[in-house]
Every structure is written in structure tokens, then in C-alpha cells.
Amino acid sequence: MTDDKDVLRDVWFGRIPTCFTLYQDEITEREADPYYLLLPRISYLTLVTDKVKKHFQKVMRQEDVSEIWFEYEGSPLKWHYPIGLLFDLHASNTALPWNITVHFKNFPEKDLLHCHSKDVIEAHFMACIKEADALKHKSQVINEMQKKDHKQLWMGLQNDKFEQFWAINRKLMEYIPEDSGFRYIPFRIYQATTERPFIQKLFRPVAPGGQLHTLGDLLKEVCPTAITPEDDEKTIQVMIHGIEPMLETPIQWLSEHMSYPDNFLHISIIPRPTD
């Protein structure tokens, strides 16, 4: 991969100032103060909120505590989506801090997966990495790794260790130079205005003629509604990691530098603010 390490660092160390507040109907023995945290964009809510859980459990009776879940403005937040994706999709044009409501009752079974332990997060994370490598290298790279390498990827994410993670992840970002890129690009496109979870299709980073496909090419093919005709006013934003990449950006470069640790490009299509 091309060595733009500063980009990788900026992506890794992206943070979202967040204010956690206990839901008003939760039963407490005394008033619960809000809890403030800088959330890492690349991680998962259930992986980085142990302190939040402990903070609110202090004011609650044990019998009133069941599985913790989070909500923003009435929408339950899917823990298996990376935090940065959740913010881009639900709150990217709101003032900071991000105000998240904490619940310990009435788990929304229809909307959320259960997450009883960190093992569940690890299993989900590794399943995504394996799926991404199946698309990029027919699973050859991930299958040649040892179990300790898989563990190092997970521990790097869990402990927020950039160097530890990238020492292994860089192998997943390599390709044969004459190929000019991966076999297919691992991506998922999420639309704030639809119920559909996400769009995911096979898409090659290089056209048959050898030219590099761009973000715009990807959107034209799999989500044409995200492309605004030239003379029209833009009504939507295409977000990755809280920024709007230029549509001319090669999709291979984005895949190497702006994928989340699960090796997927998570792309949000959201309405552009009108003010």
C-alpha cells in the first residue's frame, strides 16, 4: 500500500466528545450525573463504555440493572456498527457533545443484537475482517496468518494501540503491484433516510481498461441517488470518518487508508443541512 501514515493516524485517533445521560424513567437511588467521554470513532460502543456502565450503576439498585443499551433521539444505536459510522449517520450535523441516552431496561430486541461480553464483539470484528479479506485476496492473507496475528489485530483495537494493530493490518492492505489494487473493494453504504441496513455489492477498484475507479464511480453504480446532477443544488452528503471525500478520489486509496479496523469502508449518505 502507499505509505500515507499520517492519514492512517488521523483516522485511528479520531474522537467524538460525548455526553451520556441516564434515561429519565430508570429507577435510581439518587440523581445520576451525566458522564463525559471522548469516544474513539474506530471502536464499538460496547467496547469502550465500561466506565459509563459503572458510573450509572453506582446510583441504581442491582435488581434494576439489566443489559445496557444506548439511544440517540429515539433511535437505538447498533453496537456492531463502528462509533464513527453511528455518529455520521445519526448526528453528524448536530452540535457537540453528542448526547447519548443510556438504558438498562426494555432492551429493543427488534432493533439491537445482544452483547453479553467482549467475546461477542471480537467474534463480530473478526468475521468482518475475514469477509473483507475474502473480497480483497480470496481469504489468502487472513488464512496464512497465525492465530496470534488475529489476536494482535483484536488486542490492538481493544487497547487502542495503533502500531500493534497496523503491524498486522498492513499485510491485509497489500496487493500484487501489477494488479493495481484489490480483487474487490469491501464497502458498505448506509442511507440515513431508508430502513434498509446497508448496500453491499461486488465492485472492482480498477476498470477493465486499467483506469482506477473512483468514489464517484462506485456511487454511480451501486447508489446513483447519492450523485447530484451538476447543475442541481446538493441535497446530500457522502461521509466517511466525518469528512466528505472528493468523488474523484480513487476507491483503492480510500480502501487502504480510510477503512475502519474491520477493513470495510463504511460510507454514510445523509441529508445535507439546509441552514
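Could you check segment 166-177 and list, in sequence order, the residues that are part of a loop (DSSP other than H, G, I, E, B), surrounded by fewer than 17 Cβ atoms within 10 Å (Cβ to Cβ) and in contact (Cβ under 8 Å) with a residue 24 or more places away in the chain? Passing the criteria: only 174. The selection criterion, being crowded, with 17+ Cβ neighbours inside 10 Å and more than 22 Å from residue 187 (Cβ to Cβ), holds for residue 158. State whether one or more residues within segment 184-195 are buried (at least 17 other Cβ atoms within 10 Å of the Cβ) and of a type in the set (Val, Ile, Thr). Looking for residues that are buried (at least 17 other Cβ atoms within 10 Å of the Cβ) and of a type in the set (Val, Ile, Thr), one finds at least one in segment 184-195, hence yes.
Looking across segment 114-129, the residues that are under 17 Å from residue 69 (Cβ atoms), open to solvent by 10 Å² or more (accessible area, probe 1.4 Å) and not in a loop (DSSP other than H, G, I, E, B) come down to 118, 120, 124.
Whether a residue is open to solvent by less than 10 Å² (accessible area, probe 1.4 Å), within 21 Å of residue 196 (Cβ to Cβ) and not in a loop (DSSP other than H, G, I, E, B) was assessed, and residue 268 passes this test. In segment 62-121, of all residues being of a type in the set (Lys, Arg) and over 19 Å from the mean Cα position of the chain (by Cα), the one that is modelled with the lowest pLDDT corresponds to 105. The set of residues in segment 38-81 that are touching a Phe, Trp or Tyr at 6+ places or on another chain (Cβ under 7 Å), part of a loop (DSSP other than H, G, I, E, B) and β-branched (Val, Ile, Thr) comprises 42, 65, 68.
Hey, could you check segment 196-206 for residues that are of a type outside the set (Phe, Trp, Tyr) and in contact with a helix residue (DSSP H, G or I) (Cβ under 8 Å, 6 or more places away or on another chain) and say which is surrounded by the most Cβ atoms within 10 Å (Cβ to Cβ)?
Of everything passing the filter in segment 196-206, 205 is surrounded by the most Cβ atoms within 10 Å (Cβ to Cβ).
Test residue 10 against the stated conditions and say whether it is closer than 25 Å to residue 264 by Cα, at pLDDT 90 or above, open to solvent by 10 Å² or more (accessible area, probe 1.4 Å) and not in a loop (DSSP other than H, G, I, E, B). Spelling it out, residue 10 is indeed closer than 25 Å to residue 264 by Cα, at pLDDT 90 or above, open to solvent by 10 Å² or more (accessible area, probe 1.4 Å) and not in a loop (DSSP other than H, G, I, E, B).
Please go through segment 226-240 and pick out each residue that is touching a residue at least 24 places away in the same chain (Cβ under 8 Å) and either among the hydroxyl-bearing types (Ser, Thr, Tyr) or over 21 Å from residue 196 (Cα atoms) (or both).
Hits for segment 226-240 are 234, 235.
For segment 23-37, a tally of residues being farther than 18 Å from residue 73 by Cβ, in a loop (DSSP other than H, G, I, E, B) and open to solvent by less than 60 Å² (accessible area, probe 1.4 Å) returns 2.
Only residues that are surrounded by 19 or more Cβ atoms within 10 Å (Cβ to Cβ) and closer than 20 Å to residue 91 by Cβ were counted across segment 215-235, and they come to 1.
Within segment 178-188, identify whether any single residue is part of a helix (DSSP H, G or I) and farther than 29 Å from residue 118 by Cα, and answer yes or no.
Residues of segment 178-188 part of a helix (DSSP H, G or I): 178-179.
Those left that are additionally farther than 29 Å from residue 118 by Cα: 178-179.
Yes.
Considering only segment 97-113, state which residues are closer than 21 Å to residue 55 by Cα, in a loop (DSSP other than H, G, I, E, B) and open to solvent by 20 Å² or more (accessible area, probe 1.4 Å). 97, 105, 106, 107 - these are the residues of segment 97-113 that are closer than 21 Å to residue 55 by Cα, in a loop (DSSP other than H, G, I, E, B) and open to solvent by 20 Å² or more (accessible area, probe 1.4 Å). Residues in segment 42-57 include none that are in contact with a Ser or Thr (Cβ under 7 Å, 6 or more places away or on another chain) and closer than 24 Å to residue 111 by Cα. Looking at segment 174-183, is at least one residue of a type in the set (A, V, I, L, M) and within 23 Å of residue 84 (Cβ to Cβ)? Within segment 174-183, not a single residue is of a type in the set (A, V, I, L, M) and within 23 Å of residue 84 (Cβ to Cβ).
Can you spot a residue in segment 246-257 that is surrounded by 12 or more Cβ atoms within 10 Å (Cβ to Cβ), without any contact (Cβ under 8 Å) to a residue 60 or more places away in the chain and among the aromatic types (Phe, Trp, Tyr)? Scanning segment 246-257, I find no residue that is surrounded by 12 or more Cβ atoms within 10 Å (Cβ to Cβ), without any contact (Cβ under 8 Å) to a residue 60 or more places away in the chain and among the aromatic types (Phe, Trp, Tyr), so the answer is no.
The values are calculated or read from the model by the stated rules, or taken from the named source; none is laboratory data. This structure is a prediction, so every number in the text was calculated from the model and none was measured. Heads up, the Cβs are rebuilt from the backbone with ideal geometry, glycines too, and the neighbour counts pull from every protein chain shown. Keep in mind that these areas ignore ligands, DNA and RNA; they rest on the heavy atoms of the full protein, side chains included. Shrake-Rupley method; radii C 1.70, N 1.55, O 1.52, S 1.80 Å.
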